[in-house]
Every structure is written in C-alpha cells, then in structure tokens.
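Step one of this worksheet: look at the structure below.
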Amino acid sequence: MSTEVIKDIIHFIREVYNTPSGFISLHEPRFTGNEKKYLLECIDSTMVSSVGKFVDRFEADVAGYTGAKYAVATVNGTAALHIALMMAGVERDDEVIVQPVTFIATLNAISYIGAHSVFIDVDRDTMSLSPDKLEDFLKKNTEIRDGKCLNKTTKRAIKAVVPMHTFGLPARIEQIASICSKYHVTLIEDAAESIGSYYKGKHTGTFGLMGTLSFNGNKTITTGGGGMIITDDEALAKKIKHITTTAKILHKWEYKHDMIGYNYRLPNLNAALGCAQMESLPGYIENKRKLAKKYEEFFSKTGVKFITELSDCRSNYWLNAIVLDDLNQRNSFLTITNENGIMTRPIWELMPRLEMFKNCQKENLENAEWLADRVVNIPSSVIL
Ligand SMILES: *Cc1c(COP(=O)(O)O)cnc(C)c1O
C-alpha cells in the first residue's frame, strides 16, 4: 500500500466525520438523549447507589431489546463473565474453551475461578471462534464420561465454551451451539461487543445458557462501566441476581446472607445512563451500519479488504476493521494514521502470547495469527 493510498484513506475518514483537522478517535460515546435528565433524577432523589428504579428498568429494556427472557445488570462485563462461568458450574481446575482473539476480560474471568483456558482458532471472516476447528478438537481430544466432557490430554473436565462476537461481527453461533450440546459443554457467549448484532434474526448472546454484555465507555452504548447477564432461565436469573447482590436474604431490616456473594451490582446512577442509551441504541446501530456501508464502498475502490458480516447476519459494526497485506504494511498504516490524528489500532495481542496464558493448551491458531498481523480497526463512532 503506497503512502498515497493511506493519505486517501485519511482524507476519506476526515470527510466522513466532517473533521478536516484535529483528532478522530476510534470509538467515543454519544449522549444525545435523556442522559442528563435521568442522571439528575438520580441525584435529586438521592438514589445513586444500589437502590433505585433505573436498574430494574435497564434490565427490562435490555431483555426486551435482545429477546432474552431475563437480564441481570452487573458492575462491568468482566464481573458478568465471572458470574456466568460460576453459574455454568466451572470450578477450579476445570477447563474453558476460548478463542485467542479477544479482550483480556474473557481470560481474566476464567482465571479468577482458577480454571484453565484452552485456545481454539477463529474463522478468518468472522474473526470469531471457528465451529469446524472446535468440533475437530472435541472429536479428537475428548471423551464423554458420566455426561461430562473430559480432555484426554489433561484429564480435566471441559465445562464451557465462550465464543466472542469479535468487533460485533456475529460468530457462526448456531453451529457452535449445536456442537456444545453434542459434547455436553455449556455455551456462554461473550457478547460484550455485540449488542445490536443478530445471527439469522436472533440476537447474539441468546444462543447459549447465558450471554454477557458490557457497557464500558468504548462500547456501542455505555453506562460509564457496566455489564449484563442475559438468559432465558428464570431460576438461573434469580440465582445470578442473588449472588451479584451480596447474597442478602430479602428482609426489611435484617442483614442475613446465605452464601458467599459478590458486590457486583450496577449502581442506579450507571443504570440511569443505560436507560437513556437504550433509547438511542436503535438509531446508533442504524448510523453505524450506514458508516460501515460507506467504508465498504470506499475500500472496494482502493482494493483494501473491509470486513463485513456473514450474509445471514446483521452486525452492529461496533469497530470497523480492514485487512492489510502483512505486518509491515499494518505497522506503517498504524504509524501514518496515528501521526495524522486518526486513531487506529491493531487487534489485541493474541491471548496465548501473553505471559499468563502461554502454557495453556492450544491448537493450531493459524487464522488468529494471520489476522493479528493484518487487521486494523478504524474510527467507528456514531456520526453526529
Ligand atoms: C469490553 C469487553 C468485555 C468486558 O469488559 P468490561 O470493561 O469489564 O466491561 C469482555 N469481553 C470483551 C471481548 C470485551 O470487549
């Protein structure tokens, strides 16, 4: 890619964001609705913390939007993953299958439990867990004993699979779900990046026993910090609510707790922001999909590969991504764009390359390695 082409790309991005000079970030939050009004309501009523009406409303809004029967808000997406894994029965020295292309939160949550991650490759087009490679691995390396999936190499139980819908692009989740049930492992979707993304008309995060969302500041919508567990299982949802709210037994004045709980609840203040953001979400998704279309058309003319959703999917295009020729080209693209005030980022360092996870079992990760050398995220904020 010539410097000329990179200059063209910079010019295009500046035009799209109507920002002829100055910094353009990768993804910044938008507060275009009732955010201030709801926050003021919290402050005026003193209900800023663990009690207040916005938490219930936010949970109902997210359940309604995603089509999940239940939603439980948490303090962030990492906490949501931590609890979802516990609720799936993952214990110390169990194993959880993950993709090497993800944000550190997925791996941290597994480690908090003392469980081990096993890395299976992604597909190049979705950048998310590959069902074919997952099935290959399970077929060759596991046996089912007493209804449990045992890893023949490590002698440990594989309890869960946690695919992640990378940058909002839906994974081949239907296939993944059917493989999980065939091999008796629980499916938890890390849908932190994919609110508003659908696979064959069904919202991501609703294909497994649980899905987890994040409302961190860089996500499609934000509560400052926040997360959510979605599920169709009523008893499970009740248990999640209980354990994330210090496991306190409901009583007017007594403080009694029936198990070790977690203070993972979302404050009402953050939920107020979430309620306002949920009102804006459909418009934001439309806006982001229009931007992706513009990028797709532009990049098709420059001969640069722009990553698009599978034909039967609808991506929220949280972060738009292009594929460059090789590591050198990627690095010069990153240097020139960032030097010119356009924020671009490579994909995360692959998880098994990090010190803490380098001894985890891993299969051939050729697609992840290929993508890590080539993929760059480009500015993706909602255009005002
Ligand atoms: C953002 C994110 C999370 C959750 O992060 P929090 O900052 O804890 O909300 C989890 N997984 C992935 C893939 C993410 O991108």
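To the nearest 0.05, what FRET efficiency results for R156 and V5 with a Förster distance of 45 Å applied to their C-beta separation?
On the way: r = 49 Å, r/R0 = 1.09.
My answer for the efficiency is 0.40.
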Practice problem: Could you check the simple spin-label distance between S50 and A247, using points 7 Å along Cα→Cβ, in nm with one decimal? | Solution: 1.4 nm
Quiz item: Gaussian network model of the chain, Cα springs within a sub-10 Å range: biggest mean-square fluctuation belongs to which of T142, T66, T19?
Solution: T19
Exercise. Give me the distance in nm between label points sitting 7 Å out from Cα along the Cα-to-Cβ direction at Y255 and T19, one decimal.
Key: 4.7 nm
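Please compute the contact order of region 246-331 in relative form: average sequence separation of alpha-carbon pairs under 8 Å and at least six residues apart, divided by the residue count, as a percent. Mind showing how you got there, number by number?
On the way: 53 pairs, mean separation 15.5, N = 86.
After rounding, I find 18 percent.
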Exercise. Determine, from the Cβ-Cβ distance of A60 and Q329 and an R0 of 35 Å, the FRET efficiency 1/(1 + (r/R0)^6), rounded to the nearest 0.05.
Key: 0.15
Quiz prompt | Candidates D56, D258, D93: whichever shows maximal mean-square fluctuation once the chain is modelled as a Gaussian network with Cα springs under 10 Å | solution = D258
Quiz item: Based solely on its DSSP helices, what 222 nm [θ] is calculated for the chain when runs of n ≥ 4 H residues each add -39,500 (n - 2.57) and the sum is averaged over all residues, nearest 500 deg cm²/dmol?
Solution: -12500 deg cm²/dmol
Quiz prompt | Convex hull per residue volume in Å³, alpha carbons only, for region 132-238 | solution = 123 Å³
Quiz item: Where is the GNM fluctuation largest for the chain (alpha-carbon springs, 10 angstrom cutoff): G77, G201, G114?
Solution: G201
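Report the per residue volume, in Å³, of the convex hull enclosing the C-alpha atoms of region 210-328. It would help to have the intermediate numbers written out before the result.
Details: hull volume 20.1 nm³, N = 119.
Considering the Cα atoms of region 210-328, their hull volume per residue is 169 Å³.
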Quiz item: Going by average Cβ neighbours within 10 Å, how do the peptides 277-283, 81-87, 246-252 rank, with the highest at the top?
Solution: 81-87, 277-283, 246-252
Quiz item: Running Debye on region 32-166 with equal point scatterers at the Cα sites and no solvent, what base-10 log of I(q)/I(0) appears at q = 0.13 Å⁻¹?
Solution: -0.71
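Please work out the Kirkwood hydrodynamic radius for the chain, using every pair of different C-alpha atoms, and report it in angstroms with one decimal place.
On the way: mean 1/r = 0.0463 Å⁻¹.
Here the Kirkwood hydrodynamic radius works out to 21.6 Å.
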Quiz item: What is the dipole size for the chain, taken about its Cα centre, with +1 at each Lys and Arg Cβ and -1 at each Asp and Glu Cβ, in debye to the nearest 20?
Solution: 580 debye
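Would you mind telling me the antiparallel percentage of the DSSP bridges in the chain, rounded to 5? Don't jump to the answer; show the numbers that get you there.
Details: 29 of 45 bridges.
Within the chain, antiparallel bridges account for around 65 percent of the total.
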Exercise. Pairs of Cα atoms under 8 Å, at least six residues apart: use those to get the relative contact order of region 35-278, whole percent.
Key: 27 percent
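Using the per-residue mean of other Cβ atoms lying within 10 Å as a proxy for protection, in what order, highest first, do the peptides 127-137, 349-359 fall?
Working: 127-137: 21.9, 349-359: 14.7.
Ranking, from highest mean packing down: 127-137, 349-359.
Where a number appears in this text, it was derived from the coordinates with a stated rule and is not lab data. The shown structure was predicted, so the numbers you read here are calculated from the model rather than taken from an experiment. Backbone-built Cβ (ideal geometry, glycine too); neighbour counts: all protein chains shown.
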